[in-house]
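Since the structure comes first, as structure tokens, the remarks are kept for the end.
The values are calculated or read from the model by the stated rules, or taken from the named source; none is laboratory data. The structure displayed is predicted, hence computed values, not measured ones. Reconstructed Cβ throughout: ideal geometry from the backbone, glycine too, with neighbour counts over all protein chains shown. Only protein heavy atoms, including side chains, enter the accessible area calculation; ligands, DNA and RNA are left aside. Shrake-Rupley method; radii C 1.70, N 1.55, O 1.52, S 1.80 Å.
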Amino acid sequence: MRKTAVVTGASSGIGEATARRLAAEGYDVVAGARRRDRLDKLAAEVPSIRPVTLDVTSQESVDALAAGLERCDVLVNNAGGAFGLEQVAEARLDDWQRMYDVNVLGSLRMTQALIPKLVESGDGVLVMLTSTAGHGAYEGGGGYVAAKHAQRTMAETLRLELVGQPVRIVEIAPGMVQTEGFAVTRFRGDQEAAARVYEGVPGPLTGDDIADAIAWAVTRPAHVNIDRLVIRPRAQAAQHKVHRVSG
């Protein structure tokens, strides 16, 4: 029987790229996201992708997805995002609430709902998409940094709690990835400000780069656990150290 992979936040960016890549690897992919029109387009292009309307901030939505699955061999907790760049003293509480609800509690809801099926599969893989923000702080990133640290800790804790069970816990921590929506969302729709994030950077990562890493990690032999992959473009030495070229 073909294996099933569930990918959250699959309507664009890393999530969409991951859904496509896992389908190419032979998985039946359940692609979950709120933007059903984009999921339907994706499924029309890739027959082994099944679109499911999903809001990870809703327990009812998560439970409905889980109830519709016969099996789950891979869960990619990709849904997330950053909202705002205000410093802590001026941060908006609703932005922090959103970041926790989507990144942290969304991952928790999905994990709790699908752990039984991952165990039942006999070789489950849970992938937590964190960020290099989960491994260091930077000005203006307080809420996102805190949320990604929480996700990182969740992955570490799950690895301890599930040792002995047939489930591997993988953390993928990307650095600068240029996707269509991440920076635009962070800058509240300001396209010009979003474009400046990548201005002059030779070769920022793409969604396909991260999907490639995810596919590699989940297709290792059952006894091999990739605890953590930190992936940055060559031009980025750290969150605050990025090489840029002019012209």
Boolean, ALA31 is buried (at least 24 other Cβ atoms within 10 Å of the Cβ) and either out of contact with any strand residue (DSSP E or B) (no Cβ under 6 Å at 6 or more places or on another chain) or at pLDDT 95 or above (or both) = yes
Of all residues in the range 148-174 being of a type in the set (S, T, N, Q) and in contact (Cβ under 8 Å) with a residue 12 or more places away in the chain, which is nearest to GLY81 (Cα to Cα)?
-> GLN151
Residues being touching a residue at least 60 places away in the same chain (Cβ under 8 Å) and not acidic (Asp, Glu) - total across the range 32-75 | 5
Is there a residue in the range 42-61 that is under 19 Å from the mean Cα position of the chain (by Cα), open to solvent by less than 40 Å² (accessible area, probe 1.4 Å) and small (Gly, Ala, Ser)?
-> yes
Index of the failed condition, ALA23 passing every other in (1) within 30 Å of GLU139 (Cα to Cα); (2) open to solvent by less than 20 Å² (accessible area, probe 1.4 Å) | (1)
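If you go through the range 118-146, how many residues are of a type in the set (Phe, Trp, Tyr) and more than 24 Å from ALA213 (Cβ to Cβ)?
Going through the range 118-146 one residue at a time, the tally reaches 0.
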Give the range 36-71 a look and list any residue that's under 12 Å from LEU114 (Cβ atoms), in contact with a helix residue (DSSP H, G or I) (Cβ under 8 Å, 6 or more places away or on another chain) and among the small types (Gly, Ala, Ser), or say none.
-> ALA66
Given (1) touching a Ser or Thr at 6+ places or on another chain (Cβ under 7 Å); (2) open to solvent by less than 40 Å² (accessible area, probe 1.4 Å); (3) in a loop (DSSP other than H, G, I, E, B), where does ALA211 come up short, assuming only one miss?
-> (3)
